[in-house]
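The next block holds one structure in the form of structure tokens; read it before the comments.
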Ligand SMILES: C[S@@+](CC[C@H](N)C(=O)[O-])C[C@H]1O[C@@H](n2cnc3c(N)ncnc32)[C@H](O)[C@@H]1O
């Protein structure tokens, strides 16, 4: 997440240099924390991004006194467009999908942020049980359990903004303390044909602090039976060719998966995230109009969801 901290016009490098030196860096950045600068130029008289970045770095080094380091965790972004220099800070640091507890990842893992967004797109509010019969490293199951438990995403990690001069530790601590986690009444279940994926899911759920509400077991999607209790949401990110193996056999797998769900999961809703409309269709499930496209590992994926079966 970028925080825009200011902008000024810069028609040439000397002007960029002068205005960068006057910029109130000390209001947001600390002189004791290393920084680095990334620059882009578009439709502007200043067209050399490297030279522009170097002017900002010099101002930061000489006016603020901050060390410049190519490995710095704090990133100042300069974007010059139509001769307007816009300065932003990356407030996140490490990508936001890195919640701070997933170490083990299976093949083609889904990002936690994306899994949470697809659950939300399914209308998931934390009150239903959730089952992912192709759970990989357990992302959907764990995110759903966290939502149901009221656990804050990112609670186990640091953010770059914690090193800003403008950071208010007390306000941040109060915000974190205001969360009110509860033990969910329902279960979160994952299965996968790969025993290694099951091991990873268990380890990831444990690190995320949701293991006591989750069950993971090895199994084929075609043998899946509904977990005990009321119906809820089945959510699946099946393999889809371009990422794992070839597409041909996937049609049979999707047809068999759809048949298993249609015959055994009465009352459950189904969400399938895939890049392949034909594979979604092969399930024979009564999908609504699919959701918007989302970029994922060089593909465009989208959510196909049903009402209660
Ligand atoms: C795209 S990955 C799912 C990734 C997962 N959403 C995650 O975040 O890690 C697809 C998963 O389906 C599993 N799988 C493939 N065929 C299966 C089958 N017939 N039955 C059960 N699982 C299967 C694979 O082992 C793989 O973990």
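Since every read-out is calculated from the coordinates, none of them should be taken as a lab result. Everything quoted here is computed from the prediction, not taken from an experiment. Ideal geometry is used to build each Cβ from the backbone, glycine not excepted, and the neighbour counts take in all protein chains shown.
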| query | How far is the Cα center of segment 204-239 from the Cα center of segment 1-31, in Å? | reply | 50
| query | Got a sec? How would 161, 23 order by Cβ neighbour count within 10 Å, fewest to most? | reply | 161, 23
| query | Using 7 Å Cα-to-Cβ label points, what is the residue 71/residue 83 separation (nm, one decimal)? | reply | 4.2
| Remind me, relative contact order of segment 2-90 in percent, using alpha carbon pairs under 8 angstrom and six or more residues apart? | 42
| message | From the mean inverse distance of alpha carbon pairs (Kirkwood) and the Cα radius of gyration, derive Rg over Rh for the chain. | response | 1.09
| What percent does the relative contact order of segment 188-243 come to when contacts are Cα pairs within less than 8 Å and at least six residues apart? | 40
| request: Would you work out the relative contact order for the chain, in percent, from Cα pairs under 8 angstrom that are 6 or more residues apart? | output: 15
| remark: Exposure-ranked with fewest Cβ neighbours within 10 Å first, 48, 101 stand as 48, 101
| If packing is taken as the mean number of other Cβ atoms within 10 Å per residue, what is the order of 271-281, 213-223, highest first? | 271-281, 213-223
| request: Give the Rg (one decimal place) followed by the Dmax (whole number) of segment 245-286, computed from C-alpha coordinates and expressed in Å. | output: 10.4, 33
